[in-house]
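Quick notes on the structure that follows.
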Amino acid sequence: MTAIGKTPPLLEVEELNVTFPTPHGAVDVVRDLGFTLEPGGSLGIVGESGSGKSMTSLAIMGLLPPRATMSGRVRLAGRELSGLTDRQLRRVRGDRIAMVFQDPLSSLNPYYTVGAQIEEAYRAHRQRVTRRQARRVAVEAMERVHIADAARRVDHYPHQFSGGMRQRVMIAMALCTEPDLLIADEPTTALDVTVQAQILRLLTEVRQETGAGLVLITHDLAVVSEMTEEVLVMRAGACVERASAERLFSDPRHPYTRALLDAVPRLDDEVGELRTVRGRGPSPAAGATEGDER
Ligand SMILES: Nc1ncnc2c1ncn2[C@@H]1O[C@H](COP(=O)(O)OP(=O)(O)OP(=O)(O)O)[C@@H](O)[C@H]1O
Ligand SMILES: [Mg+2]
């Protein structure tokens with residue numbers, strides 16, 4: 001029970017651990033991670049490849065690969081998700097959380113029209129919906145993400161859309177269930193720069209319209225600086241720094257955050273040369289250690 005008049009956080013993650021068995025012993029790919037997101041808030045999770053960003057989001061969604069084990073607590077609007085049955089979990093997730101992935105082509109079924117897939121996503125979470133209603137919702141969702149000629153495009157197949165348009169379809173699909181929380185895992189990484197900007201603008205617009213919270217996963221610090229209020233920096237499965245986006249950029253405290261910031265191409269770099277983080281991050285098996293920036 002929550003106190004009267006007090007809205008619980010939208011998402012609370014406490015002491016989250018995700019472990020994979022390997023021939024060399026168990027590997028912790030997420031370690032003691034904790035954060036809170038208020039309703040309508042936004043959090044960016046950044047870190048280099050392999051730092052555990054996707055495993056964190058999959059753990060929240062209850063979609064970890066079967067071999068992974070997880071411990072810790074995930075609460076959505078005050079409700080503990082870890083004790084729920086699969087069926088209840090599917091329900092809560094589908095009703096309240098939606099996910100957008102990096103590669104829309106692999107998330108869409110090539111054999112069905114995009115409309116059929118949006119309709120299915122909608123019907124999965126609503127009882128007694130007629131085909132006509134579902135189709136209307138699909139067309140409206142496509143209009144909301146600015147797909148021109150939505151009434152006709154709804155009958156097209158995924159391969160008839162460009163990468164950016166497919167990502168719009170995925171966002172339409174996420175939106176049609178009216179989620180309280182949108183988790184976007186590298187939603188623009190597969191897209192070229194101008195299309196990236198359009199999709200990010202669309203995500204912002206959608207948030208403003210729906211009031212949904214956002215967890216945005218990216219390796220791109222420039223993206224989080226524009227898109228989220230708070231940023232959590234992950235390395236080797238653990239949080240090394242968490243701060244408002246503003247503070248993180250003006251006063252990064254952890255050496256790893258500073259190294260990541262140095263790796264961001266600046267507009268004043270003549271050829272936009274990318275300074276990469278020196279050295280490779282430690283493997284999760286080696287543990288999260290500080291100070292290996294030489
Ligand atoms: N099925 C698996 N078995 C064992 N280890 C795995 C498995 N899937 C992922 N991992 C490991 O978990 C760690 C975290 O992976 P994760 O996908 O969360 O990284 P990420 O931060 O999302 O990286 P990227 O930016 O490349 O998407 C990685 O070291 C990865 O090798
Ligand atoms: Mg990932």
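The values are calculated or read from the model by the stated rules, or taken from the named source; none is laboratory data. Since the model is a prediction, treat every value here as computed from it, not as a measurement. Backbone-built Cβ (ideal geometry, glycine too); neighbour counts: all protein chains shown. Side chains are part of the model used for accessible areas, which takes the heavy atoms of the whole protein and leaves out ligands, DNA and RNA. Shrake-Rupley method; radii C 1.70, N 1.55, O 1.52, S 1.80 Å.
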Checklist entry - If r is the Cβ-Cβ distance from H159 to R201 and R0 is 30 Å, what FRET efficiency results, to the nearest 0.05? => result 0.75
Next on the checklist: In whole percent, and with a 1.4 Å probe on the protein chains, what portion of the accessible area of region 11-286 is carbon and sulfur?
Outcome noted: 49 percent
Checklist entry - Relative to the longest principal Cα axis of the chain, at what angle does helix 163-175 sit, 0 to 90 degrees, rounded to 10? => result 80 degrees
Next on the checklist: What distance in nm lies between label points placed 7 Å from Cα along the C-beta direction at V92 and D251?
Outcome noted: 3.7 nm
Checklist entry - Over the chain, what is the relative contact order in whole percent, taking alpha-carbon pairs under 8 Å and six or more residues apart? => result 23 percent
Checklist outcome for this item: The helix 131-144 Cα axis meets the longest alpha-carbon principal axis of the chain at an angle in degrees, between 0 and 90 and rounded to 10, of 50 degrees
Item to check | Extended-chain gain in nm, criterion 0.36 nm per residue less alpha-carbon gap, T36 and A77 | outcome: 13.7 nm
Checklist entry - So how tilted is helix 86-96 from the main axis of the chain? Cα-based, degrees 0 to 90, rounded to 10. => result 80 degrees
Next on the checklist: Suppose all protein chains stay in the model; what accessible area per residue would a 1.4 Å probe give for region 11-286, in Å²?
Outcome noted: 50 Å²
Item to check | Prolate/oblate/rounded label for region 1-115 (Cα gyration tensor, a/c 1.5) | outcome: oblate
Checklist entry - To the nearest 20 debye, what charge dipole does region 21-144 have about its Cα centre, counting +1 at the Cβ of each Lys and Arg and -1 at the Cβ of each Asp and Glu? => result 700 debye
Checklist entry - For region 86-129, what are the per-bin percents of Cα-Cα distances with bins 5 Å wide, up to the bin holding the maximum? => result 5, 19, 23, 26, 20, 8, 0
Checklist entry - Mean 1/r over all different Cα pairs, inverted: what Kirkwood radius does region 20-76 give, in Å? => result 12.8 Å
Checklist outcome for this item: Between T210 and R152, the FRET efficiency computed from the C-beta separation at R0 = 30 Å comes out, to the nearest 0.05, as 0.70
Next on the checklist: Given the C-alpha atoms of the chain, compute the convex hull and give its volume per residue in Å³.
Outcome noted: 160 Å³
Checklist entry - Looking only at Cα atoms, what is the convex hull volume of region 2-43 per residue, in Å³? => result 75 Å³
